[in-house]
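Okay, structure first, notes after.
The values are calculated or read from the model by the stated rules, or taken from the named source; none is laboratory data. Nothing here was measured: the structure is a model prediction, and the numbers come from that model. Here the Cβ positions follow ideal geometry from the backbone for every residue, glycine too, while neighbour counts run over all protein chains shown.
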Amino acid sequence: MMKIDSHQHFWKYHPVKDAWITDNMSVIKNDFSPEDVQPLLIQNGIGACVAVQADQSEQETHYLLELAAQYDFIHGVVGWVDFCAENIAERLQYFSQFKKLKGFRHIVQAEPADNFLLRDDFCHGISLLAKYNFTYDILIYPKHLQYAEAFVKRFPGQRFVIDHLAKPLIKDQLIGAWETDLRAFAKYDNVSCKMAGLVTEADWQHWQLSDFTAYVNIVLDIFGADRVMFGSDWPVCLVGASYAQVVEILEQCTSHLPVADKEKLWGSNCARFYNLS
C-alpha cells in the first residue's frame, strides 16, 4: 500500500499575499517547496501527496501544476478558480487539459457572509465541476456546517471533501455543536473528510495526544472507514508540530483500526477520491 498525504501546500512567501500568516505563525513565514518536504515524506513512509491551493489565484494553480510536472511524488493538485465569474465554464474547460489537476478549493472560511456557499453564482460554478470529474475541497469553520449541509445536498453527483474536520475548537475541547452539525453534513455519502489540521486547532505549545482522540473517533464514527483520508497540512502544521509528530498523532489515534481500514485512511481513499494514478 502506498501512503498518500492528501493535503500539502507549497508557496513562495510574500507578506501581502500571505497576510493570513500572522506574527505568531512566524515559523511558516518562509518559502516552502517540494524539495523541503520530500525527505520528510521518505522518512515517514509517505509515497505521494496532493498539493492544495493557499492563494486564491489562477497564477498559483499554474505554479502548483508546474511543480507537479517537475516532481513525480505530487500526484494531484487542488487549485483555485473564480466560481462566481461569468466565464467559469470557459475556465473549467481550459483547466480540464491538465491531468494532474484533480479539483478546486475556495477559502470560504474567510468570506464575510457565513452563507457564501449558497450564493447562486458560486453554486452555478460548482454545478459545472462534475462534467470534468473535478472534486471540491470545502474549507470552513464549524459555524458554516449548517450551510455546508444545504450546499452538498444540492449536488448529489459531486465529490466533496471537508478539510481539517471543519476546524473544531480542539484547544478548548469543544465538541457538542460541531459533532451534531458534522453528523448532519456527513449523511450525504458524496462527502469525505480529511484528517488534517488537527494540531493547528490545538494549543500549539502544550497539546498532548489525548487532545485529539475524541475528535478522531467522532470523525471515524460519522464518516466510516471509506470516507476519511490522512493529510499533514504541511507546512501550516509546523506552527505546532513536526511532520513526524503529525503522522504519529494519527497513527496513535487510529492504532485500534483493522489493517484494511488503515490502508483506506492512509492511501486508498485519497487515491480513489482524487482519481490519482
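For the range 63-70, the criterion of a residue being in a loop (DSSP other than H, G, I, E, B), at pLDDT 95 or above and touching a Lys or Arg at 6+ places or on another chain (Cβ under 8 Å) is satisfied by no position. Within the range 188-231, the set of residues being assigned to a loop (DSSP other than H, G, I, E, B), touching a residue at least 12 places away in the same chain (Cβ under 8 Å) and over 14 Å from the mean Cα position of the chain (by Cα) comprises 188, 189, 190, 202, 203, 204, 205, 207, 209, 225, 226. The sole residue among 263, 251 that is surrounded by fewer than 18 Cβ atoms within 10 Å (Cβ to Cβ), closer than 13 Å to residue 4 by Cβ, acidic (Asp, Glu) and modelled with pLDDT of 95 or more is 263.
To keep it simple, each residue is scored yes or no on (1) outside any strand (DSSP E or B); (2) over 29 Å from residue 14 (Cβ atoms); (3) among the acidic types (Asp, Glu); (4) touching a Ser or Thr at 6+ places or on another chain (Cβ under 9 Å).
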| position | (1), (2), (3), (4) |
| --- | --- |
| 54 | yes, no, no, no |
| 72 | yes, no, yes, no |
| 102 | no, no, no, yes |
| 112 | yes, no, no, no |
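Of everything listed in (1) in contact (Cβ under 8 Å) with a residue 40 or more places away in the chain; (2) out of contact with any strand residue (DSSP E or B) (no Cβ under 9 Å at 6 or more places or on another chain), the single unmet condition for residue 76 is (2). For residue 239, the test of being surrounded by fewer than 20 Cβ atoms within 10 Å (Cβ to Cβ), under 20 Å from residue 44 (Cα atoms) and of a type outside the set (D, E, K, R) is passed. Residue check: is residue 81 farther than 29 Å from residue 263 by Cβ, loosely packed, with under 15 Cβ neighbours inside 10 Å and touching a helix residue (DSSP H, G or I) at 6+ places or on another chain (Cβ under 7 Å)? No; evaluated as a whole, the condition is false for this residue.
Let's see how each residue does on (1) under 18 Å from the mean Cα position of the chain (by Cα); (2) buried (at least 16 other Cβ atoms within 10 Å of the Cβ); (3) hydrophobic (A, V, I, L, M, F, W, C):
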site	(1), (2), (3)
61	yes, yes, no
71	no, yes, no
74	yes, yes, yes
100	yes, yes, no
103	yes, yes, no
109	yes, yes, no
122	no, yes, yes
126	yes, yes, yes
